[in-house]
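This report concerns only the one structure given below.
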Amino acid sequence: MSKQDGSSRQVTTGPVDDSATPILHVDMDAFFVSVELLSRPELRGKPVLVGGTAGRGVVAAASYEARRYGVNSAMPMSVALQRCPNAIVLRGDYPSYSRYSKRVMEIFGQITPLVEPLSIDEAFLDVSGARRLHGTPAEIAWTIRERVQAETGLTCSIGVAATKYVAKVASGRAKPDGMLVVPADETVAFLHPLPVSALWGVGRVTEESLLRLGLRTVGDVAATPPDALERAVGPSLAARLTHLARGEDPRTVHTSRVEKSIGHEQTFGHDLVDPVEIRRELLQLSGNVAVRLRKAGLVARTVSLKLRYGDFRTLTRSRTLGEPTDVARRIYDEATEALGGLIGDGQRVRLIGVRAENLRESGSGAMLWDPDEEWRDAERTIDQVSAKFGRGALRPASLVQRERGRQRDVRPASDGDRDGRSIAERTGTSRDDGDGDTPFDPTAAGWGW
């Protein structure tokens, strides 16, 4: 039995048929803020933000009290503070978040070996084989919530369903600090009244396309003829949305994650106009991506460029390579080609991103020829020097000039953000799935891919 309160929150409060619902989606509640409040209990009940205030800092996480003012993750901190002037801004502490995340994931692993972490604060679990030891899926969900709170002081919300997609939707409906079971035979009834934005993969642009067709709910999408949906969003997305709207999701819980892409991006303290300066930043980002590819033993077949202008227009361009690469110079050359006529004529650039996609293991296929052999040897030598003397010990001359220019234009940073960016901008990748926390990647350079 489930109940819905005055908001959209929906939780299970009594007996329910969970016999065919082995998938759990566990999502920590306002994780970054909640970890901070463990050492700052006097801030409980107050609007708290984690992020940076200097320059173009962004919100990495917001307490539920702050969200009542319309504040959410990925929002510019300046906008958040306009909406919630009395918000308390904390710098953020990744090592602490990482420690708590590790402990929470250990709890999951003690329940079932089938754990698929999605980020630092959420995971899918398949409890099919854990029933004999730990009880029904609903009982297991209760056990997890009790253990997480008792052993860490944190709360989490859990969705229990027959599929990953429905479990994730359910955990979002149960927030904060709740549990919602969606019986398998009630999946369609649960999904169809929800707004189209509840469909996995529906962002702002796709939502607008669906609304123009008069499709406002998941049920509307399920009832739409395939050809009409294809004209609105394309055949691939139309097929996926149709399956999800019917509650169909064949994906299983995978215990090992294969990286699908590696990217870095940079939001600047002031808009860039000079093409030389823009390409210099592109070189730095390409180098960061290449280093991570080599560390992971991967090569990329596709290079994608992301460009955000001062008016927030955002463009992406991709180029597919003849041979996969892990060489910064090749990535930079392809990204520069993609840049093409996107800059100049006074165009002001707010953000640049470079991403390597279509990844595969290095050496997994014999190349007919290696166009980057000399550059690859040089960059591997740089890797060795960096490992011995630290990053930045050896780098392109243009990047040394870039650093000197930055030293001449040092801006005072607040909240301990040395470079004027928020902790999310320096270390994260964006996500806003309803809870508002943003997963951290300590090797990433940017925010919002």
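Contact order normalised by length for region 114-206, with contacts defined as Cα pairs under 8 Å and 6 or more residues apart; what percent is it? The partial results should precede the final answer.
Details: 100 pairs, mean separation 15.2, N = 93.
Averaging sequence separation for qualifying contacts and normalising by length gives 16 percent for region 114-206.
Region 265-303 to region 204-246: how many Å between their Cα centroids?
Cα centroid to Cα centroid, the span is 35 Å.
Which distance in Å, rounded to a whole number, links the C-alpha centroids of region 23-51 and region 114-156?
Cα centroid to Cα centroid, the span is 19 Å.
Share of region 168-286's accessible area from carbon and sulfur, percent, 1.4 Å?
Working: 3060 of 5740 Å².
C and S atoms contribute 53 percent here.
With every protein chain left in place, what is the accessible area of E361 in Å² (1.4 Å probe, nearest 10)?
130
Tell me, what is the percent relative contact order of region 1-109, built from C-alpha pairs under 8 Å that lie six or more residues apart?
Working: 137 pairs, mean separation 22.5, N = 109.
Contact order relative to length: 21 percent.
To the nearest 20 debye, what is the magnitude of the charge dipole of region 126-166 about its Cα centre, counting +1 on the Cβ of each Lys and Arg and -1 on the Cβ of each Asp and Glu? It would help to have the intermediate numbers written out before the result.
Numbers: 5 positive and 4 negative charges, 23 e Å.
Approximately 120 debye in magnitude.
List the pairs from K164/K295; K168/K295; K46/K260; K102/K295; K46/K306; K175/K306 whose alpha-carbon separation is above 27 Å, in the order I gave them. Please report the intermediate quantities before stating the final value.
On the way: K164/K295 31 Å; K168/K295 32 Å; K46/K260 38 Å; K102/K295 22 Å; K46/K306 37 Å; K175/K306 33 Å.
Distance filter (> 27 Å) returns K164/K295; K168/K295; K46/K260; K46/K306; K175/K306.
What does the accessible area per residue of region 1-130 come to in Å², with a 1.4 Å probe and no ligands, DNA or RNA counted?
Values: 5360 Å² over 130 residues.
Computed with neighbouring chains in place, this is 41 Å² per residue.
Dipole magnitude of region 159-253 about its Cα centre, charges +1 at Lys/Arg Cβ and -1 at Asp/Glu Cβ only, in debye to the nearest 20? Each step should come with its number before you reach the end.
On the way: 11 positive and 10 negative charges, 49 e Å.
Rounded to the nearest 20 debye, it is 240 debye.
What net charge is computed for the residues neighbouring E337, neighbours being all others with C-beta under 14 Å from the C-beta of E337, Lys and Arg scored +1, Asp and Glu -1? Walk me through the numbers on the way to the answer.
Working: positive: R279, R317, R319, R329, R330; negative: D333, E334.
Local net charge: +3.
Against the globular-protein guess of 2.2 N^0.38 Å, express the Cα radius of gyration of region 201-321 as a ratio, rounded to two decimals.
Values: Rg = 19.4 Å, N = 121, 2.2 N^0.38 = 13.6 Å.
After normalising by residue count via 2.2 N^0.38 Å, the value is 1.42.
Tell me the accessible surface of I88 in square angstrom (1.4 angstrom probe, heavy atoms of protein chains only), to the nearest ten.
The accessible area of I88 comes to roughly 50 Å².
Could you pull the Cα extents of region 124-222 along its three principal axes, largest to smallest, in whole Å?
Here the spans come out as 49, 30, 17 Å, largest first.
Taking square-rooted eigenvalues a ≥ b ≥ c of the alpha carbon gyration tensor, is region 252-337 rounded, prolate or oblate, where a/c under 1.5 means rounded and, failing that, a/b exceeding b/c means prolate?
Numbers: a/c = 2.06, a/b = 1.55, b/c = 1.33.
Prolate shape, in that a/c is at least 1.5 and a/b is the bigger ratio.
Using just the C-alpha positions of region 1-109 as equal point scatterers, what log10 of I(q)/I(0) does the Debye formula give at each q in 0.11, 0.16 1/Å?
The Cα Debye sum returns log10 ratios of -0.47, -0.85.
Mind checking the per residue accessible area of region 233-344 for me, 1.4 Å probe, whole number of Å²? Write out the running numbers ahead of the final one.
Numbers: 5010 Å² over 112 residues.
Computed with neighbouring chains in place, this is 45 Å² per residue.
Where does each of E139, E207 land when they are ordered by accessible area, with a 1.4 Å probe and the largest first?
On the way: E139 100, E207 55 Å².
Ranking E139, E207 by accessible area, largest first, yields E139, E207.
Under 14 Å from the Cβ of R99, count the other residues' Cβ atoms, weight Lys and Arg +1, Asp and Glu -1, and hand me the total.
Values: positive: K102, R103; negative: E36, D93, E106, D121, E151.
For residues surrounding R99, the net value is -3.
Suppose every Lys and Arg Cβ carries +1 and every Asp and Glu Cβ carries -1, with no other charges. What dipole size does region 153-213 come out with about its Cα centre, to the nearest 20 debye? Intermediate results must be reported in sequence, preceding the final value.
Values: 6 positive and 5 negative charges, 35 e Å.
The calculation lands at about 160 debye.
The values are calculated or read from the model by the stated rules, or taken from the named source; none is laboratory data. The structure displayed is predicted, hence computed values, not measured ones. Because the Cβ atoms are built from the backbone with ideal geometry, glycine has one as well, and the counts that use them run over all protein chains shown. We work out accessible area using only protein heavy atoms, side chains counted, and drop any ligands, DNA or RNA first. Shrake-Rupley method; radii C 1.70, N 1.55, O 1.52, S 1.80 Å.
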